[in-house]
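Below is one structure, written out as C-alpha cells, with a few remarks after it.
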Amino acid sequence: MRKTQAIQRFLRLYRRVVLKAPVPITVARSHLDGALSEAITLSGQFQYTRRYEGYLRHNKLRLRGPITRTGRQFCFLVDGDLGERGSETELDGKIYLTDGNFYQILGAAVTIFVFFAVAARWATLTITPVFLVFIYGMTQWHFQHYVREITQLLTDLIVHGQPRS
C-alpha cells in the first residue's frame, strides 16, 4: 500500500466496494479485458464527459477516473481483486483519491491553517475547524456521488462488457 493510501485510510477518505455479479469469473475477466483495452467514455446531459482508464492483471483490477478534459473534479483510483464464489464473480476493492487530488486537499487544509494561524495572528483560529470540516464534507460528498457511478460502471463492465446507459 502506498503512503498516501495509508493516510487516506486513517482519515477515512476511501470507500470499500464489494460487487457480486451473476457471471463466472472467466466471463467477467473476458468482459473486463475487452472493456479496459481502451478508455471508457461516459457522458451525461448535465455533466462533463468523463473518461475511465484501467487494466486487469491476473485477478487484480486497477481503474482510474473520472478523467475530464477540464480537470475540475476529483479523480479516483480503484484497486480491487476478482474472486469466485460458486458461479458468481466477486470484486473486492477500495476507492481512493488519486495522489494529486489528495495533495491538493491536504494543501488547502494547511493553507487555511497557516492563514488563520499566521496572517490573522490566531485571532480567528476558531473558524479554522469550520473550513476544515467544509473541505472534508465536500470530499465525502464527491465520494458518495462517484462511488455510485464507479460501482455501476464496474458492475456493467463485469456483467455486460460495456457501460450501459
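Quick notes on this structure:
- Qualifying position, being over 29 Å from the mean Cα position of the chain (by Cα), at pLDDT below 85 and not aliphatic (A, V, I, L, M), among Thr126, Thr111: Thr126
- Here Gln45 passes the criteria (1) more than 15 Å from Phe76 (Cβ to Cβ); (2) surrounded by fewer than 19 Cβ atoms within 10 Å (Cβ to Cβ); (3) at pLDDT 90 or above except the one numbered (3).
Table: residues versus (1) within 30 Å of Tyr103 (Cβ to Cβ); (2) among the β-branched types (Val, Ile, Thr); (3) assigned to a strand (DSSP E or B).
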| residue | (1), (2), (3) |
| --- | --- |
| Val17 | yes, yes, yes |
| Val23 | no, yes, no |
| Ser30 | no, no, no |
| Leu42 | yes, no, yes |
| Tyr52 | yes, no, yes |
| Arg62 | yes, no, yes |
| Gln73 | yes, no, no |
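- Scanning region 135-165 for residues that are part of a helix (DSSP H, G or I) and touching a strand residue (DSSP E or B) at 6+ places or on another chain (Cβ under 7 Å) yields Phe143, Tyr146, Val147, Ile150, Thr151, Leu153, Leu154, Thr155, Ile158, Val159.
- Among the residues of region 81-108, those identified as aromatic (Phe, Trp, Tyr) and either assigned to a strand (DSSP E or B) or surrounded by fewer than 14 Cβ atoms within 10 Å (Cβ to Cβ) (or both) are Tyr96, Tyr103.
- Some residue of region 32-44 being among the hydrophobic types (A, V, I, L, M, F, W, C) and under 21 Å from Gly86 (Cα atoms): yes
- Region 18-59, residues that are over 13 Å from Leu154 (Cβ atoms) and hydroxyl-bearing (Ser, Thr, Tyr): Thr26, Ser30, Ser37, Thr41, Ser43, Tyr48, Thr49, Tyr55
- Inside region 15-59, residues that are under 16 Å from the mean Cα position of the chain (by Cα) and either of a type in the set (D, E, K, R) or within 24 Å of Glu88 (Cβ to Cβ) (or both) make up a count of 12.
The values are calculated or read from the model by the stated rules, or taken from the named source; none is laboratory data. Here the structure is a predicted model, which is why all the values come from computation and not from measurement. Counting neighbours? That spans all protein chains shown, and the Cβs are built from the backbone with ideal geometry, glycine included.
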